[in-house]
1. In region 46-88, what residues are over 18 Å from Phe168 (Cα atoms), of a type in the set (Val, Ile, Thr) and surrounded by fewer than 17 Cβ atoms within 10 Å (Cβ to Cβ)?
2. Could you please let me know if Asn118 is of a type in the set (S, T, N, Q), more than 30 Å from Phe69 (Cβ to Cβ) and modelled with pLDDT under 95?
3. Within region 185-194, does at least one residue satisfy the condition of being in contact (Cβ under 8 Å) with a residue 24 or more places away in the chain and farther than 24 Å from Glu90 by Cα?
4. Looking at region 159-172, is at least one residue surrounded by fewer than 19 Cβ atoms within 10 Å (Cβ to Cβ), in contact with a Leu (Cβ under 9 Å, 6 or more places away or on another chain) and not hydroxyl-bearing (Ser, Thr, Tyr)?
5. Among (1) of a type in the set (Phe, Trp, Tyr); (2) farther than 15 Å from Thr162 by Cβ; (3) surrounded by fewer than 18 Cβ atoms within 10 Å (Cβ to Cβ), where does Tyr120 come up short?
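The values are calculated or read from the model by the stated rules, or taken from the named source; none is laboratory data. All figures in this text were calculated on a predicted structure; none of them were measured in a lab. Every residue, glycine among them, receives a Cβ derived from its backbone with ideal geometry; neighbour counts consider all protein chains shown.
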Amino acid sequence: MSISRRGRGILPLLVVFALAGLWALAQQGGFFQNYPGGASKSVYRITQEKSVHPIFLTMEIQPVSADTFTVRTINEVTGTRADLERGVLEGLARAQVEVNSDAITALRRFLNDLQPGNTYVLPNGARFEAQTRDKIAGVDVIRGILTDPKKPTQRTVLALTTQRAVPFPPLLQVEERRGLGFVAVFTLELIEFSLRP
């Protein structure tokens, strides 16, 4: 089966739109307004229940002057043509939706106040049970479980950080109830991070 020239051009264009959505998400969350300066590199791995191959997202930031930066983003995935057309776009779109949820947006405003052992009720009725302090890719995080009454068969294992050079939560794993347990259906995880002045 061959893909027409037009079909070949659509996939890269759609991937660009999905990446632009993630880029807009970082901007909307005030990431660049709060960026601490210096050169940083963040690499995330996205895995999905329906896809065999992970997606890797990389954001590298280099300072040019005190308030000017060069930002380079890369996405990488291996797969068949069908995987690439379906999986990449679904994975990037879902990352955008999950990271931009009302609950996570509300939690990010109160990062400095989160303490293990406490449960936080959010404005939309969601709850975050802060469980432990941990490290992911060398970044200090607070890890917990986020539940939403609008999604009774789902929970999100979530790790948040006060490190302002990390663009997205270091861990966001959506799990669905299957029988007596939960199964991970989507994971966005920070696997590499560096920051130097």
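1. Passing the criteria: Val52, Val64, Thr68, Thr70, Thr78, Thr80.
2. no
3. Yes - at least one qualifying residue is present in region 185-194.
4. yes
5. If we test Tyr120 against (1) of a type in the set (Phe, Trp, Tyr); (2) farther than 15 Å from Thr162 by Cβ; (3) surrounded by fewer than 18 Cβ atoms within 10 Å (Cβ to Cβ), just (3) comes out false.
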